[in-house]
Amino acid sequence: MLSGLMSLVVVGSIAFDAVKTPFGERERMLGGSAVHFSLAASYFTDVRVVGPVGDDFGEAEYAVLRRHGVNTDDVEHVAGGKTFFWAAEYEWNLNIRHTLDTQLNVFGDFAPKLSDASKRADTLFLANIQPDLQREVREQSTGAKLAALDSMNLWIETTRDSLLRTIATVDMVLMNDDEVRMLTEEPTLLRSARQLMQLGPRVIVVKQGEYGASLFTGESFFSLPAYPLETVIDPTGAGDSFAGGLLGYLDAQGGADDDAALRRALTYGSAVASFWVEEFGCERAARLSREDIDERYEAFRRMTSVEGVPAA
Ligand code: AMP
């Protein structure tokens, strides 16, 4: 809708989340990695979301996606089924999250099937799902010029080989600091990134929570802090909205071929994620504009530039 030319498809969870933080709680709110991602990416490009939902997923939930222009034609409604449910609680240190419940429901038998329009999308994001499923989607996605994936500790522990095989099929990996180290068993991020690049991907993005994010390519390194916020209410979806901003921007501007574009994309991802954590789940998106995101992008630029040392 925004670019008219490019398009991005995301495959991942569509969920109801119950989340408790030291600052409040929600018993049931719209969530899921594909939802956070697609809402965030919708500020930059045309987005299609692929994932299963059950009968409890109603008009109100579809409306949140559609208000953002997200195409829901490939959302698979499983008659008689229940939507994926996840419950978590955060400690005072919001970096520490305890998962209390995961009910796969319709996600348990999910066999992704992309429509022709989704197969043709220029950019593909494989959100955090079982790596065999990610690979099936990657194989269907014949039009993708840029494919990226996320993963999590569960898949590193239970399906490591499959995850490594899936990583070999994408151009970009976006993962958490701890998970990258766990996967590669390397002591430094640079060595971890190199090891992952040897499998195939050209770009490795390491998410470091409240400490920011780092970008590794064959030739260069770039890093940004997280935006300094007075108040963080709920970190849920920070990683997915970061990925949405990053890949949404790359899709809109035609790919990830140059380093300058990747740096701008990392900055946009960080800007979007900084808004996401200011409210529960994806609630902040209801009042967020592209202008707000651009303003924070500029704040990042001011915050991170360093002058040369004046001549003595
Ligand atoms: P993040 O905070 O970026 O890690 O993402 C949180 C989102 O991931 C929540 O909205 C959950 O619904 C979703 N989620 C949690 N666990 C899983 C899982 N095992 N598979 C897929 N999605 C999940």
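The values are calculated or read from the model by the stated rules, or taken from the named source; none is laboratory data. Please read these numbers as outputs of a predicted model, since none were measured by experiment. With ideal geometry, Cβ positions are generated from the backbone for all residues, glycine too; neighbour counts draw on all protein chains shown.
Numerical summary
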quantity	calculated
Qualifying residues in the range 202-243 (those that are of a type in the set (D, E, K, R) and at pLDDT below 95) - the one nearest to the ligand (Cβ to nearest atom)	GLU210
Residue in the range 68-84 that is within 12 Å of the ligand (Cβ to nearest atom) and out of contact with any Lys or Arg (no Cβ under 8 Å at 6 or more places or on another chain) present	yes
Any chance ALA299 is at pLDDT 95 or above and either among the aromatic types (Phe, Trp, Tyr) or at negative phi (or both)	yes
Answer from ARG97, ARG48 - the residue that is within 15 Å of VAL11 (Cβ to Cβ), of a type outside the set (Val, Ile, Thr) and either within 13 Å of the ligand (Cβ to nearest atom) or touching a residue at least 24 places away in the same chain (Cβ under 8 Å) (or both)	ARG48
Enumerated strands (runs of 3 or more DSSP E) restricted to the range 1-91, each holding at least 2 residues that are surrounded by 19 or more Cβ atoms within 10 Å (Cβ to Cβ)	7-11, 15-21, 24-31, 46-53, 84-90
Residue in the range 165-223 that is nearest to the chain's Cα centre (by Cα), counting only those that are among the charged types (D, E, K, R) and part of a loop (DSSP other than H, G, I, E, B)	ASP171
Filter pass, LYS113 being in contact with a helix residue (DSSP H, G or I) (Cβ under 9 Å, 6 or more places away or on another chain) and surrounded by fewer than 17 Cβ atoms within 10 Å (Cβ to Cβ)	yes
Residues that are more than 20 Å from the chain's Cα centre (by Cα), without any contact (Cβ under 8 Å) to a residue 60 or more places away in the chain and closer than 16 Å to SER214 by Cα, drawn from the range 260-304	ALA260, ARG301
